[in-house]
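Heads up, the thing below is written out as structure tokens.
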Amino acid sequence: MPTAGRLAGAVIFGLFGWYIATLAVPFFPESRPPDFWFPSALLISIFIGWRICGTRAGRGYNAATGIGLTAGAAIAFCLVFALAFEQMIKNSMRLRYSGPTEAIIDTFNLMAEYAVQFYSVSLIVTVIVGGMICAWMTEFVGQRFP
């Protein structure tokens, strides 16, 4: 059922996901992200804000801290997975895999490569601190408008 906390979580985390996507642009080769990068970051963040943070709004600010960490990690994981999955699809269209199992395994190898590519202390701190701040804002709305 839609609540103010869920709506606030979706909107706040959607904006946060867009911000993370813009911060990650310099980590792509030639600073050119794929075409799906910004829309997927927005949709993934909206979904995580609605499902993870918005459903748990109203439990207090201590709980919101942990929920924000979880949501930030989930956004980062899903974005890296989306990049790896897209690269795996490109590789499979070029017939680089001998079967579907090899393609699935390579998705996780590609995730590890992208995680190393996007490794930056400032980006990691932004995801952690931003996730907590967004969860606190969602908590504020969730407590005021149940």
Item to check | Span-like helix ranges in the chain, DSSP H, alpha carbon extent 24 angstrom or more, Kyte mean at least -0.5 | outcome: 4-24, 61-93, 100-117, 121-144
Checklist outcome for this item: Here segment 40-117 gives, from Cα atoms, an Rg and Dmax in Å of 16.1, 51
Checklist outcome for this item: Filtering trypsin sites (Lys or Arg not before Pro) in segment 9-60 by DSSP loop and by at most 16 other Cβ atoms within 10 Å leaves R59
Next on the checklist: Can you sort E30, E86 from fewest to most other Cβ atoms within 10 Å of each residue's own Cβ?
Outcome noted: E30, E86
Checklist outcome for this item: Candidates L110, L42, L95; GNM for the chain (alpha-carbon contacts under 10 Å) flags as most fluctuating L95
Checklist entry - With each label point set 7 Å from Cα along the Cα-Cβ vector, what nm distance links M93 and M1? => result 4.5
Checklist entry - Under a GNM of the chain (C-alpha, springs under 10 Å), which listed residue has the highest mean-square fluctuation: G99, G60, G14? => result G99
Checklist entry - How do M137, M93 line up, fewest other C-beta atoms within 10 Å first? => result M93, M137
Checklist outcome for this item: Nearest-0.05 FRET efficiency for E102 and A73 at R0 = 25 Å, using Cβ-Cβ distance, is 0.35
Checklist outcome for this item: R32 and L15 label points (each 7 Å along its Cα→Cβ direction) are spaced in nm at 3.2
Checklist outcome for this item: The exposure ranking of Y119, Y97, fewest beta-carbon neighbours within 10 Å first, is Y119, Y97
Checklist outcome for this item: With label points set 7 Å from each Cα along the Cα-to-Cβ direction at L123 and L43, the distance between them in nm comes to 2.2
Checklist outcome for this item: Calculating Rg/Rh (Cα atoms, Kirkwood Rh) from this structure picks out, from (1) 1.05; (2) 0.94; (3) 1.01, entry (1)
Next on the checklist: Quick check for me: using +1 on Lys/Arg Cβ and -1 on Asp/Glu Cβ, what's the dipole size of segment 4-144 about its Cα centre, in debye to the nearest 20?
Outcome noted: 420
Item to check | Local electrostatic count, E139, Cβ distance below 14 Å [Lys/Arg +1, Asp/Glu -1] | outcome: +4
Checklist outcome for this item: Among Q87, L42, I104, the residue whose Cα sits farthest towards the positive end of the charge dipole of the chain (+1 at Cβ of Lys and Arg, -1 at Cβ of Asp and Glu, taken about the Cα centre) is L42
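Given an 8 Å cut-off on Cα distances and at least 6 residues of separation, report the relative contact order of segment 24-146 as a percent.
Relative contact order for segment 24-146 comes out at 39 percent.
Between A115 and F140, how high is the FRET efficiency from 1/(1 + (r/R0)^6) when r is the Cβ-Cβ distance and R₀ = 41 Å? Nearest 0.05.
Between A115 and F140 the formula returns 0.80.
Since every read-out is calculated from the coordinates, none of them should be taken as a lab result. Because the structure is predicted, anything quoted here is derived from the model rather than measured. Every residue, glycine as well, gets a Cβ built from its backbone with ideal geometry; the counts of neighbours run over all protein chains shown.
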